[in-house]
Every structure is written in C-alpha cells, then in structure tokens.
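Notes follow the structure.
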Amino acid sequence: MQYKGKGFLFDCGEGIQRQIMKAGFNIYSLDYIFISHLHTDHILGLPGLIETLDIYDKSNIKIFSPDGIEEFLKCFFFDQFYTPEIKIEIKSLETKDTPFSVIDNSEFSVVGISLNHIIECTGFSFIEKPKRKFVKEKIEELKLKTEDFINLRKKGYIKRDGKIVTEEEITEEIKGFKFTYIPDTYKTDNIIKLAKDSDILVIECTYLDEEEKAGKYGHLTLDYIIEITPELNCKKIVLTHFSRRYKNLEKFMKKIRKSGLKNIVLGEDFMIFDF
Ligand SMILES: [Zn+2]
Ligand SMILES: [Zn+2]
C-alpha cells in the first residue's frame, strides 16, 4: 500500500521484489513491513528485500512481527557472511483479542488483532485519521475569501459582522480511509472486530466450503466469508490465499454470484485500488 509517499507491505512472500517492481512501485519508498506470522509463504521474501533496500542505501526499515523474525533474519545476516548497514527496527507484536495499537501518529494509525491460525498470527488495519472538510453551503453563505481560509487555518476562527465563526462550525468531519488485511486464520469474532467498516478488506479465502479442512489447518472458507459479509460492512472485500488444489477459481466465482453480494472480488496479482 502507498500512502503519502510511504510504502506499507503486509507480509513478504517469495518473489516479492519482482512483484513490487512489476507493479511499478518504488522499493526504496518502503518504510513499514507488517508480518502476520512466521509461515514461509509469508516471510521468505524478507531477506532478499532487506538486502536490496541495503544496496539502495535505505537508512532504516521498520518490521512489525510476532516473536521469532529476528532469529529468522539472523540465519541470513551474520558477520562472516553479510551484515547489512540498513537499520532494521523490529517491534514485537502483542497477542490480544481486542485491537491493539501498532503505530499511531497524527496522520494514521495501524492496529492489530490476534487471529485463529495454527501458529500465532496477527491481522492489521491501516486507519487514516479523520479529516475536516469545508461545507460548501456555509462557505457560499459567508462568502469566504482566500485570506479567510488562511486565518481559519492559522487561528481556527474568523470574525464576520462582529461575530466569531469557528472552523468547526463551517467544516465537517470526514472519516479516514480504512484498509484491513486478514491473513491466515480460522473463524474468529476478531475478524469482525478488526475489519468492520473497512473501505478495502483483503482476506484469506483458502477453501471454498471444506469446513473440516479449514478447521484443521486454520483457514477460512468462502462460505464463512459470505456469511459474515453483511456484518463486516466493508466497501470492497478482496479474496486471496486460495489453496493450490483448485485448478481455477470458477466455483468461487459461481458461489459469489449466487450470493448476490456485489462487494466481493477474487484478488489477482497487480490489481490496483485507489482511495
Ligand atoms: Zn499460515
Ligand atoms: Zn499462508
């Protein structure tokens, strides 16, 4: 994900560098890497990616991950072999059944929640802070000029006919963009707790309807995702992480069509969603 020139990567599977380049993103702009869990299909791309960032003289990279990622990286980066100069800041994630803060600043926050996989696994939401937008009718009513806007920004108010007009009176709060990533997990209420009201939700959908397998290996079925879709209230739900046992995804497509839900799409490489 790219936001105001910063790059956010959610999990780091094999071949990630090629895919980032093919997608036309600048690897150098990558600032944050969020690792959901330590299964190889989610972390194998990490050593190569760090090495590339190091070669590009990137000064630092922040990695948020469950415990163990440091030991994994030490297998690749050690004194006699290769020690990257890039500063790798690793922050260990909590395990919690309520959303917990991962990053929080004036522009956005990232929160995490524990999921229900066969090993410790975390889902993430990126939440843009609410913004204030001028209400058109009020601006026209007060006939605001450029200098008024400058004063409003500086002081938070202007004077009109002897009365004080504050910024709050003529602006409204607009909800920020919300992106949620739900990787490997079996059913859990924590999915809804984290993903509710997202603009875009990327969610694993390993199986079609094989409930038993889903429970055994800690994954979701399309049936379950369809069941919780109304409660999720997300604008767009992008399915990913399909089991390799399906030669094609026709049955998935049929099931989605039959459900009548218009906001679920099958994820493909290089899909782009603007926000
Ligand atoms: Zn996994
Ligand atoms: Zn996986």
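Only one entry in Lys247, Lys258 is out of contact with any helix residue (DSSP H, G or I) (no Cβ under 6 Å at 6 or more places or on another chain), open to solvent by 60 Å² or more (accessible area, probe 1.4 Å), of a type in the set (D, E, K, R) and more than 27 Å from Ala23 (Cβ to Cβ), namely Lys258. Taking Glu120 as the residue in question, decide whether it is among the acidic types (Asp, Glu) and open to solvent by less than 100 Å² (accessible area, probe 1.4 Å). Against the criterion (among the acidic types (Asp, Glu) and open to solvent by less than 100 Å² (accessible area, probe 1.4 Å)), Glu120 qualifies. Of all residues in segment 178-190, those that are away from ligand 2 (no atom under 16 Å from the Cβ) and open to solvent by less than 20 Å² (accessible area, probe 1.4 Å) total 2.
Yes or no, residue by residue, for (1) away from ligand 1 (no atom under 16 Å from the Cβ); (2) in a strand (DSSP E or B):
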residue	(1), (2)
Tyr181	no, yes
Thr188	no, no
His219	no, no
Ile225	yes, no
Ile228	yes, no
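Scanning for something part of a helix (DSSP H, G or I) and in contact (Cβ under 8 Å) with a residue 24 or more places away in the chain, does segment 144-166 turn up at least one residue? Within segment 144-166 (the criterion being part of a helix (DSSP H, G or I) and in contact (Cβ under 8 Å) with a residue 24 or more places away in the chain), the answer is no, since none of the residues qualifies. Here Ser106 fits the description: polar (S, T, N, Q), open to solvent by 20 Å² or more (accessible area, probe 1.4 Å), part of a loop (DSSP other than H, G, I, E, B) and more than 16 Å from ligand 2 (Cβ to nearest atom). Listed residues Gly15, Gly68; which is within 16 Å of ligand 2 (Cβ to nearest atom), small (Gly, Ala, Ser) and more than 23 Å from Phe270 (Cα to Cα)? Answer to the check: Gly68.
The set of residues in segment 258-275 that are part of a loop (DSSP other than H, G, I, E, B) and either in contact with a Phe, Trp or Tyr (Cβ under 8 Å, 6 or more places away or on another chain) or among the polar types (S, T, N, Q) (or both) comprises Asn263, Phe275.
Residues in segment 230-257 that are within 16 Å of ligand 2 (Cβ to nearest atom), within 23 Å of the chain's Cα centre (by Cα) and in a loop (DSSP other than H, G, I, E, B) were compared, and the one that is nearest to Phe10 (Cα to Cα) is His241. Being within 16 Å of ligand 2 (Cβ to nearest atom) and either open to solvent by less than 60 Å² (accessible area, probe 1.4 Å) or assigned by TED's automatic domain parsing to the domain that holds Arg257 (or both) holds for only one residue in Lys193, Lys213, and it is Lys213. Helices (runs of 4 or more DSSP H) fully within segment 1-60 that include at least 1 residues being crowded, with 19+ Cβ neighbours inside 10 Å and either more than 16 Å from ligand 1 (Cβ to nearest atom) or more than 18 Å from the chain's Cα centre (by Cα) (or both): 16-22, 46-55. Restricting segment 168-177 to residues that are open to solvent by 30 Å² or more (accessible area, probe 1.4 Å) and not in a loop (DSSP other than H, G, I, E, B) leaves a set whose member that is nearest to ligand 1 (Cβ to nearest atom) is Ile174. Scanning segment 73-86 finds no residues that are open to solvent by less than 20 Å² (accessible area, probe 1.4 Å), among the hydrophobic types (A, V, I, L, M, F, W, C) and within 16 Å of ligand 2 (Cβ to nearest atom).
The values are calculated or read from the model by the stated rules, or taken from the named source; none is laboratory data. Values in this document were obtained by computation on a predicted structure and should not be read as measured data. Please note: Cβ atoms are built from the backbone with ideal geometry, for glycine as well, and neighbour counts cover all protein chains shown. Just the protein is used for accessible areas: all its heavy atoms, side chains included, with ligands, DNA and RNA removed. Shrake-Rupley method; radii C 1.70, N 1.55, O 1.52, S 1.80 Å.
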